[in-house]
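Structure record follows, encoded as structure tokens.
The values are calculated or read from the model by the stated rules, or taken from the named source; none is laboratory data. As the structure is a computational prediction, the values presented were derived from the model and not from experiment. Methodologically, a virtual Cβ is constructed for each residue, glycine included, from the backbone with ideal geometry; neighbour enumeration extends over all protein chains shown. SASA here: full protein model, heavy atoms, side chains in, ligands and nucleic acids out. Shrake-Rupley method; radii C 1.70, N 1.55, O 1.52, S 1.80 Å.
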Amino acid sequence: MSNITKEFVKGLWAELPPFRVLLGLCPVLAVTATAENGFGMGMAVIFVLVMSNLIISSIRKIIPGKVRIACFIVVTASLVVTVELLMQAYAYPLYQKLGIFVPLIVVNCLILGRAEAFASKNPVLPSIADALGMGIGFMASLTFLGALREVLGSGTVFGVPVMWESFEPASFMVKAPGAFVGLGMILAGMNVLNRYLSRKKGESEPVSQNSTCASCGACNSCK
């Protein structure tokens, strides 16, 4: 049970997908103009990630090694079609806002990276825990960045006004340049926090949270 908890928790901070191992940055930058968009995309990724890890882990022993990536893509594509249909049926306005980035979940490096690095090599329960942790961390990251941009660019969060009446929004924050500015602010803040925690522990430099992996090139969870 402790191993399952460890696999779940790592995705919430130590290997936070967009801010630690820098995976899945395309939707992070493209759909986070509002907190609602970030949350919606994050929930879609959680569903696809959890189900793909579950399926791939269940059939990992019968997938031929030479075609494993093609099999991963087929599984992921089938799940993305399911997500598209569900969003069209029950959340069509959100589906319209997210646009092409919903079907592009198929090639999200986070999905394929977890399939290759973890689900294809581990049992079902740890794979589900890994997917849940990574998915929740990804969703929280998108929602936080979307909320930051929405507050600074519109003075609202999830469409609810949260700033004072005289607040002058920086409208560029809800446009394309605002995504890079918001991401830079978050990464800078995390670096400052890392250095503070390192000094508190008596270390001269922050401890690296990730190392290059032979399988996915980004994380250390498949050692």
Inset, instruction - Mind listing whichever residues of the range 63-101 are surrounded by 14 or more Cβ atoms within 10 Å (Cβ to Cβ) and within 17 Å of Asn37 (Cβ to Cβ)? - result: Val83, Glu84, Met87, Ala91, Leu94, Tyr95, Lys97, Leu98, Phe101
Inset, instruction - Please tell me if Met43 is more than 22 Å from Gly182 (Cα to Cα) and either of a type outside the set (Phe, Trp, Tyr) or buried (at least 23 other Cβ atoms within 10 Å of the Cβ) (or both). - result: no
Inset, instruction - Determine whether the range 146-153 contains at least one residue that is over 22 Å from Leu16 (Cβ atoms), small (Gly, Ala, Ser) and without any contact (Cβ under 8 Å) to a residue 60 or more places away in the chain. - result: no
Legend entry - Members of the range 154-193 found to be open to solvent by less than 50 Å² (accessible area, probe 1.4 Å), within 30 Å of Glu15 (Cβ to Cβ), without any contact (Cβ under 8 Å) to a residue 24 or more places away in the chain and not small (Gly, Ala, Ser), listed by number: none
Inset, instruction - From Met134, Met163, Met185, Met139, grab the single residue that is farther than 30 Å from Ser78 by Cβ and part of a helix (DSSP H, G or I). - result: Met185
Legend entry - From Gly113, Gly133, residue being at pLDDT 95 or above, under 18 Å from the mean Cα position of the chain (by Cα) and surrounded by 15 or more Cβ atoms within 10 Å (Cβ to Cβ): Gly133
Inset, instruction - For Leu16, indicate whether it is in contact (Cβ under 8 Å) with a residue 60 or more places away in the chain and at positive phi. - result: no
Inset, instruction - Could you list all residues from the range 22-38 that are open to solvent by 10 Å² or more (accessible area, probe 1.4 Å), assigned to a helix (DSSP H, G or I) and within 17 Å of Gly11 (Cβ to Cβ)? - result: Leu25, Pro27
